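Sending over a structure as structure tokens; questions will come in a sec.
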Amino acid sequence: MDIFSRIKEKLSNEFIDIVEWLDYTDDSIAHRFERYQNEIKHGAKLIVREGQAAVFVNEGQLADVFTPGTYDLDTKNLPLLATLKGWKYGFNSPFKAEVYFVNTHLFTDEKWGTKSPITLSDDRFGLVEIRAYGTYAFRIDDPGKFIIDIVGTDNNFTNYEINEHLKSLIATRFTDTVGEANLPIELYAANTTELSETCLEVMLPEFLTVGISLEKFYIENVSMPEDLKKEIFEYSRLDKLDMDKLAKFKTAKAIEAAAANEGGTAGAGMGMGMGFVLAQQMGGLMGSPAQQQAAAPANGPVAPPQLPPQIQYFYAANGQQQGPVTFDQLKALFAARTINKDSLVWKQGMANWSALKDVEELKAFLGGNTPPPLPSL
């Protein structure tokens, strides 16, 4: 072989004649075919395997996209590239173009979660905070758009690089969705399936704008602070109780807390005071058998004298009128901190609503009933 033949063979070997990508990893989404300044030979074979797409880019412009199959690279298979390069009558010389292979299989079990608590407004519990986490699955739906908008000139674009962007997008849209759902706070954890489906519908169009299809979206857990959980459980049990029963329940809970308080006589005094109120309430409903027997006359039962009517009070709580309740019930509500000294109250005979602290007979709730010291003898 003469020197000219060897030079010709060497130059021929510099040109790439097989364009393919063998992916041995699980996290590569896009890979740029490296030529090391070699050109692609006219008539070279392009091999695109199942689960792949090949994207040709010429000077930053999207040229052609190939789906799985084997192709001979000529002007028939590269119509857009031929137009961009101005090949009017075909081409026989090598050419340069960036070739990106895109992994189009389904990427599953991707994790997402809220980095910070989401603040929601609930009609009963006010402002509350929740957290959520789960999984999602996606695939590349439009390889050309994905390369131009996301990958750019990255020679090996991995799953990790896109996940950070997707997780931020998911967290933002999830926050918007749960905020607009306006569900009672306890229903978020109980309706994760329905909420997952709604979030998927909301997020899918935004994913598609960059060539990605969100295939699955799952909310695995919605969590909230432990003290809020306890309050929700208590509310669920008391949901159907009337205000009288609710006041008695809270009074009993306050007595229990005061009994467990080792802070001194102040806590004990409060517990005893609320205990007397509860005892009066219970005593009004039932008496001991001995008392009932002693009260019965020897000549048979007679009608008891009429009790004077109890004063009924109305009070304001959470901006709404509540009541009527008796004096003792109102005192129990004050002891349980359902109302306070500034809460508005009204009874028959009052011209307007007044703060509890300004109603004469209710001032006893505030303390200050201790007599002054005896004078010196």
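The values are calculated or read from the model by the stated rules, or taken from the named source; none is laboratory data. Keep in mind that what you see is a predicted model, and the values were worked out from it rather than measured. Neighbour counts run over all protein chains shown; Cβ positions are idealised from the backbone, glycine included.
How many residues, within segment 336-363, are under 25 Å from Lys253 (Cα atoms) and assigned to a helix (DSSP H, G or I)?
4
So is Ala294 modelled with pLDDT under 85 and either part of a helix (DSSP H, G or I) or touching a Lys or Arg at 6+ places or on another chain (Cβ under 8 Å) (or both) or not?
So Ala294 fits the description; yes.
For segment 58-77, enumerate the residues that are of a type outside the set (D, E, K, R) and over 41 Å from the mean Cα position of the chain (by Cα).
Asn58, Ala63, Gly69, Thr70, Tyr71, Leu73, Thr75, Asn77 - these are the residues of segment 58-77 that are of a type outside the set (D, E, K, R) and over 41 Å from the mean Cα position of the chain (by Cα).
I would also like to ask the following. Out of Thr153, Thr175, Thr198, I need the residue that is of a type in the set (Val, Ile, Thr), assigned to a helix (DSSP H, G or I) and more than 15 Å from Tyr136 (Cα to Cα). Which one?
Of Thr153, Thr175, Thr198, the one residue that is of a type in the set (Val, Ile, Thr), assigned to a helix (DSSP H, G or I) and more than 15 Å from Tyr136 (Cα to Cα) is Thr175.
Quick check on my filter: what residues within segment 317-335 are surrounded by 16 or more Cβ atoms within 10 Å (Cβ to Cβ) and part of a strand (DSSP E or B)?
Scanning segment 317-335 gives Gln322, Gly323, Pro324, Val325.
Could you tell me whether Lys167 is outside any helix (DSSP H, G or I) and of a type in the set (Lys, Arg)?
Taking the combined requirement at face value, the residue does not satisfy it.
Oh, and also: Going through segment 5-32 one residue at a time, which ones are among the charged types (D, E, K, R) and modelled with pLDDT of 75 or more?
Once the filter is applied, which keeps residues that are among the charged types (D, E, K, R) and modelled with pLDDT of 75 or more, segment 5-32 yields Asp17, Glu20, Asp23, Asp26, Asp27, Arg32.
Looking at Val151, is it farther than 30 Å from Leu127 by Cβ, touching a Phe, Trp or Tyr at 6+ places or on another chain (Cβ under 6 Å) and among the β-branched types (Val, Ile, Thr)?
It is true that Val151 is farther than 30 Å from Leu127 by Cβ, touching a Phe, Trp or Tyr at 6+ places or on another chain (Cβ under 6 Å) and among the β-branched types (Val, Ile, Thr).
If only one of Ile212, Ile185 is closer than 15 Å to Ile118 by Cα, touching a strand residue (DSSP E or B) at 6+ places or on another chain (Cβ under 6 Å) and not basic (Lys, Arg), which one is it?
On inspection, the qualifying residue turns out to be Ile185.
Could you please find all residues in segment 82-132 being under 30 Å from Ala317 (Cα atoms) and modelled with pLDDT under 75?
Arg124
May I ask you to list the residues in segment 304-316 that are modelled with pLDDT of 85 or more and in a loop (DSSP other than H, G, I, E, B)?
Ile311, Gln312
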